[in-house]
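Down below is the structure, laid out as structure tokens.
The values are calculated or read from the model by the stated rules, or taken from the named source; none is laboratory data. What you see is a predicted model; the values in this text were computed from it and never measured. Positions of Cβ are backbone-derived with ideal geometry, glycine not excepted, and every protein chain shown enters the neighbour counts. Note: accessible area is taken over every heavy atom of the protein model, side chains too, but ligands, DNA and RNA are not part of it. Shrake-Rupley method; radii C 1.70, N 1.55, O 1.52, S 1.80 Å.
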Number of protein chains: 2
Amino acid sequence: VRRETYDRTTDPALRSWVQVPPGSDFPIQNLPYGTFTEAGNRPRIGIAIGESILALDVAAETGLLDDACPDARRVFAASTLNAFLGSGRAAWRAVRERISTLLDAGDSTLRERGIAGSALVRQRDVLLTMPLAIGDFVDFYSSLDHATNVGTMFRPDGEALPPNWRSLPIGYHARTATVVCGGTPVVRPRGQTRGAGAPRYGPTRALDFELELGFVSGDGPLPPAGIPVERARDHIFGVALLNDWSARDLQAWEAQPLGPFLAKSFATSLAPWIVTLDALQPFRVATPPQAPPPLPYLATADDETYDISLTVALLSNAMRARGSEPAVVTRTNFRRMYWSMAQQLAHASSNGARVRAGDLFGSGTISGATPDARGCLLELTWNGQRPIALAGAEPRTYLEDGDEVVMNGHCEREGFVRIGLGELRARVLPALDS
Amino acid sequence: VRRETYDRTTDPALRSWVQVPPGSDFPIQNLPYGTFTEAGNRPRIGIAIGESILALDVAAETGLLDDACPDARRVFAASTLNAFLGSGRAAWRAVRERISTLLDAGDSTLRERGIAGSALVRQRDVLLTMPLAIGDFVDFYSSLDHATNVGTMFRPDGEALPPNWRSLPIGYHARTATVVCGGTPVVRPRGQTRGAGAPRYGPTRALDFELELGFVSGDGPLPPAGIPVERARDHIFGVALLNDWSARDLQAWEAQPLGPFLAKSFATSLAPWIVTLDALQPFRVATPPQAPPPLPYLATADDETYDISLTVALLSNAMRARGSEPAVVTRTNFRRMYWSMAQQLAHASSNGARVRAGDLFGSGTISGATPDARGCLLELTWNGQRPIALAGAEPRTYLEDGDEVVMNGHCEREGFVRIGLGELRARVLPALDS
């Protein structure tokens, strides 16, 4: 399914006049969107390039983006991406092309206008902030390996997969208020668990990460029209790493019959940079075969996914004290996901539900076929029965206070420039005193 | 648990200079909040009084609410209640007292300022609009009668209640984008159902209403601090009728293992008027006994609910053609709910989850002990096995196209003036052609 239409913005020969270190996640072929704040000021919209950020409010207020995006000055003066997400695919594409040109080694527009200095800030001088005001957040369960592992673990004598699993992308709504930007520490939650004899309330004893990829939408059509699967990609702006923190002991007690609630709602970490579908285009690959074939409303010839290598690493207090690097515990790839983003979005709106610019959709835990490709500790330790060893032989079943979870993702393909998703990192803080 | 502290705003002797017809839901003792629009203009905030609305932007811009609410002019110039909800309980109380005085028969301030005419609009001249920008929407499952009926229906050989039901208020997150204001028609959703042999996709054949009461919150404390149960009422602004439309055939196929998703997310109807806890105060009653006693984080001496009589009525196309009134199919009362709003809010934030001004919480279907007190057709018809008869002996299992669902609620108590929640009404439109 490789679409070999030439796209100037992903041409490997492109170079920027902004310095980009070798191996950077953010070459000129990437151009991901985020928001940042300096010294407590209002967050501003920017695009990552190398170790810098191009401030789009500065670029827009000179009129340089007027042709690319209706109302560009207002859209890029905002503190979140929502207005830009609401501008739609044509504007997303036109702004990308314009920025790609403005940052091209052969272009001197920003310097001629005298704003090359003010429009570029160093990433290390700013704080990256939550780039979205999320409308609704839907989390899916779309990895066949993950669902099979969980089913095998909890229903050892039954079918591993729920009967509906291959017929629809199972999903549920999650809490938007507690989605936080990568870097924000996560406090160990308290909650109710089954206990011995009677339920108890206290700090979770089974805090887990979940490696996911989130995607961000533009506006859907007016309800009750849904988004047809073959048009779904037009409504998807881009993707970011997502850590769907989970308290497994709370989840085991609360989640039947209506699904996970407090086991997930205490925190979800979203990576600060949203990588656009345009940047991912060279890394499109076919989704795995689906059997039985999906119903017509989920079936499309245009059903592709992306080859994105993903890792999760852990850094404990003991490792930090020794000066160790985070230890990789998971190596997997997004391309193995059974249900595509297009199918997820078409399904989520197939009943006429309204989709808004700034909605967030999580893939569900991304696991792979091998034990080292499992995307959460529940699977890696088989529900705590088989601890894994970090560097220095330190054992882990679930997360300890002080543990830092570090997620990374990147795309590589011969003939194209490597791009990355940026790092998603957050540390676990002890529970509050009760 | 009657708290007999005298409150001037609910004194039955109060009369307004605005005409209030006998039996109105909106005497001066009520003063519910909503938003309205005239002729396509921007929505404005108002308070219902009799058959009129007091426009709070007009009252605020003269400075009359400055003492009661910080930044009153900005707060009441908005098109939703969110900024006012964020002002907190002290402001909610002070504005109520001020409006109660301004509308009192003995007060002539509005007339003296020359704004009695411009500040009052007739309800029949305006369109009531969605009063909130909802942050997160949590739906509970807190009626013992409802949960018992559902459990008996679907697990005839097992325990009717899930094992966790009496230990915590079961809840899940629902979609905010498709919460619509009462009056908005609801299009029959399409979706995937089990089918015979293979799943099918098409219009639901089991469209249901659910009678619920929603409550709206102010801001909670900064995370990870939760809202203590004994302080939860301070964070609850008021209540409104809620119809949590459900497609039972979609729900049966999709809802395991992660809970309801598309069976609920196509539409939820919220009544246009939010009735404050202050107005409900005379109708406080004790919650039913809880056994086993709740864990300390859910236990409080201040654990009360409200005596609110509720009805659901249906009006079919055939009845409408005959000029019939809607036929009442459900008569129940909110006071029987097992888990209180305070317990629901404390539980929802007990893991440190952030609660924001404008969050919506649904009670879950409100049923009672008798067959005519069941709050949805699933229970009333025992999953379609025992059709009910509307006026003219017209049978109903689930909703037909053209059916209008009409919900009402009111509070009565000797020595106090009756107040109502206003009507929540919406009609079912046929599914779109595929």
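Kindly check whether there is at least one residue in the range B:369-387 that is in contact with a helix residue (DSSP H, G or I) (Cβ under 7 Å, 6 or more places away or on another chain), assigned to a loop (DSSP other than H, G, I, E, B) and among the β-branched types (V, I, T).
Within the range B:369-387 (the criterion being in contact with a helix residue (DSSP H, G or I) (Cβ under 7 Å, 6 or more places away or on another chain), assigned to a loop (DSSP other than H, G, I, E, B) and among the β-branched types (V, I, T)), the answer is no, since none of the residues qualifies.
Could you check, for the range A:301-324, whether at least one of its residues is among the basic types (K, R) and surrounded by 19 or more Cβ atoms within 10 Å (Cβ to Cβ)? Give the derivation first.
Of all residues in the range A:301-324, those among the basic types (K, R) come to A:320, A:322.
Now narrow it down to the ones that are surrounded by 19 or more Cβ atoms within 10 Å (Cβ to Cβ): none.
Looking through the range A:301-324, none of the residues is among the basic types (K, R) and surrounded by 19 or more Cβ atoms within 10 Å (Cβ to Cβ).
Could we say that A:L65 is surrounded by 15 or more Cβ atoms within 10 Å (Cβ to Cβ), touching a residue at least 24 places away in the same chain (Cβ under 8 Å) and in a loop (DSSP other than H, G, I, E, B) here?
Yes; evaluated as a whole, the condition is true for this residue.
Output the number of the condition that B:G117 fails; it satisfies all remaining conditions of (1) more than 25 Å from the chain's Cα centre (by Cα); (2) touching a residue at least 24 places away in the same chain (Cβ under 8 Å); (3) open to solvent by 30 Å² or more (accessible area, probe 1.4 Å); (4) under 21 Å from B:F36 (Cβ atoms).
B:G117 satisfies every listed condition except (2).
Please verify whether A:R122 is among the charged types (D, E, K, R) and more than 16 Å from A:T35 (Cα to Cα), treating the condition exactly as stated.
Values: among the charged types (D, E, K, R): yes; more than 16 Å from A:T35 (Cα to Cα): no.
For A:R122, the condition - among the charged types (D, E, K, R) and more than 16 Å from A:T35 (Cα to Cα) - is not met.
Is at least one residue of the range A:159-173 in contact with a Lys or Arg (Cβ under 7 Å, 6 or more places away or on another chain), open to solvent by less than 20 Å² (accessible area, probe 1.4 Å) and within 12 Å of chain B (Cβ to nearest Cβ)?
Yes, the range A:159-173 contains a residue that is in contact with a Lys or Arg (Cβ under 7 Å, 6 or more places away or on another chain), open to solvent by less than 20 Å² (accessible area, probe 1.4 Å) and within 12 Å of chain B (Cβ to nearest Cβ).
Which count do you get for residues in the range A:174-193 that are more than 8 Å from chain B (Cβ to nearest Cβ) and hydroxyl-bearing (S, T, Y)? Full working, then the answer.
Of the residues in the range A:174-193, the ones more than 8 Å from chain B (Cβ to nearest Cβ) are A:179-186, A:188, A:193.
When the remaining residues are screened for being hydroxyl-bearing (S, T, Y), the result is A:184, A:193.
The number of residues fulfilling the criteria is 2.
If you take the residues of the range A:349-396 that are of a type in the set (S, T, Y) and crowded, with 17+ Cβ neighbours inside 10 Å, which of them is nearest to A:D234 (Cα to Cα)? Show your work before the answer.
Here is the first cut: in the range A:349-396, the ones of a type in the set (S, T, Y) are A:349-350, A:363, A:365, A:367, A:370, A:381.
Now narrow it down to the ones that are crowded, with 17+ Cβ neighbours inside 10 Å: A:349-350, A:363, A:365, A:367, A:381.
Values: A:S349: 14, A:S350: 16, A:S363: 18, A:T365: 24, A:S367: 27, A:T381: 39 Å.
Only one residue tops the list, namely A:S349.
Which of the numbered conditions does B:T148 fail, given that it passes all the others? Conditions: (1) facing chain A (nearest Cβ under 9 Å); (2) crowded, with 16+ Cβ neighbours inside 10 Å; (3) free of Cβ contacts under 8 Å to residues at least 40 places away in the same chain.
Failing condition for B:T148: (1).
Mind listing whichever residues of the range A:402-422 are farther than 19 Å from A:L380 by Cα and not in a strand (DSSP E or B)?
Listed by number, the residues that qualify are A:G402, A:E412, A:R413, A:E414, A:G415, A:F416, A:V417, A:R418, A:L421, A:G422.
Residue by residue through the range A:331-347, note down the ones that are away from every other protein chain (no Cβ under 14 Å) and either buried (at least 24 other Cβ atoms within 10 Å of the Cβ) or among the aromatic types (F, W, Y) (or both). Please lay out each step first, then the result.
Step one: filter the range A:331-347 for residues away from every other protein chain (no Cβ under 14 Å), giving A:331-338, A:340-342.
A:T332, A:F334, A:M337, A:Y338, A:S340, A:M341, A:A342, listed by residue number.
Do you know which residues across the range B:399-434 are β-branched (V, I, T) and open to solvent by less than 10 Å² (accessible area, probe 1.4 Å)? Even if it seems obvious, please write down each step before you answer.
Narrowing the range B:399-434 to residues β-branched (V, I, T): B:405-406, B:417, B:419, B:428.
Answer for the range B:399-434, where residues must be β-branched (V, I, T) and open to solvent by less than 10 Å² (accessible area, probe 1.4 Å): B:V405, B:V406, B:I419, B:V428.
Residues that are more than 24 Å from the chain's Cα centre (by Cα), among the hydroxyl-bearing types (S, T, Y) and either closer than 17 Å to A:P131 by Cα or crowded, with 18+ Cβ neighbours inside 10 Å (or both): does the range A:5-19 have at least one?
Among the residues of the range A:5-19, at least one is more than 24 Å from the chain's Cα centre (by Cα), among the hydroxyl-bearing types (S, T, Y) and either closer than 17 Å to A:P131 by Cα or crowded, with 18+ Cβ neighbours inside 10 Å (or both), which makes the answer yes.
Could you say whether any residue in the range A:48-59 is aliphatic (A, V, I, L, M), open to solvent by less than 40 Å² (accessible area, probe 1.4 Å) and over 26 Å from A:Q281 (Cα atoms)? Talk me through it step by step, then tell me what you get.
Filtering the range A:48-59 down to residues aliphatic (A, V, I, L, M) leaves A:48-49, A:53-56, A:58-59.
The next check asks that each one be open to solvent by less than 40 Å² (accessible area, probe 1.4 Å); those that pass are A:48-49, A:53-56, A:58-59.
Checking which are over 26 Å from A:Q281 (Cα atoms) leaves us with A:58.
Yes, the conditions are met somewhere in the range A:48-59.
Kindly list the number of the only condition in (1) in contact with a helix residue (DSSP H, G or I) (Cβ under 6 Å, 6 or more places away or on another chain); (2) of a type in the set (D, E, K, R); (3) under 30 Å from B:E379 (Cα atoms) that fails for B:E159.
The one condition B:E159 does not meet is (1).
Could you please find all residues in the range A:354-396 being hydroxyl-bearing (S, T, Y) and free of Cβ contacts under 8 Å to residues at least 40 places away in the same chain?
Step one: of the range A:354-396, the residues hydroxyl-bearing (S, T, Y) are A:363, A:365, A:367, A:370, A:381.
Those that are hydroxyl-bearing (S, T, Y) and free of Cβ contacts under 8 Å to residues at least 40 places away in the same chain: A:T370, A:T381.
Test A:P156 against the stated conditions and say whether it is within 14 Å of chain B (Cβ to nearest Cβ) and open to solvent by 10 Å² or more (accessible area, probe 1.4 Å). Spell out how you get there, then give the answer.
Numbers: within 14 Å of chain B (Cβ to nearest Cβ): no; open to solvent by 10 Å² or more (accessible area, probe 1.4 Å): yes.
So A:P156 does not fit the description; no.
Report, by residue number, each residue of the range A:194-226 that is more than 30 Å from B:L429 (Cβ to Cβ), touching a Leu at 6+ places or on another chain (Cβ under 7 Å), open to solvent by less than 10 Å² (accessible area, probe 1.4 Å) and within 13 Å of another protein chain (Cβ to nearest Cβ).
The answer is A:T204, A:L207.
Filtering the range B:63-118 down to residues that are acidic (D, E) and out of contact with any helix residue (DSSP H, G or I) (no Cβ under 7 Å at 6 or more places or on another chain), which residue is farthest from B:R233 (Cα to Cα)? First the steps, then the outcome.
Residues of the range B:63-118 acidic (D, E): B:66-67, B:71, B:97, B:104, B:107, B:112.
Remaining after also requiring out of contact with any helix residue (DSSP H, G or I) (no Cβ under 7 Å at 6 or more places or on another chain): B:67, B:71, B:104, B:112.
Numbers: B:D67: 23, B:D71: 24, B:D104: 27, B:E112: 37 Å.
Top of the filtered list is B:E112.
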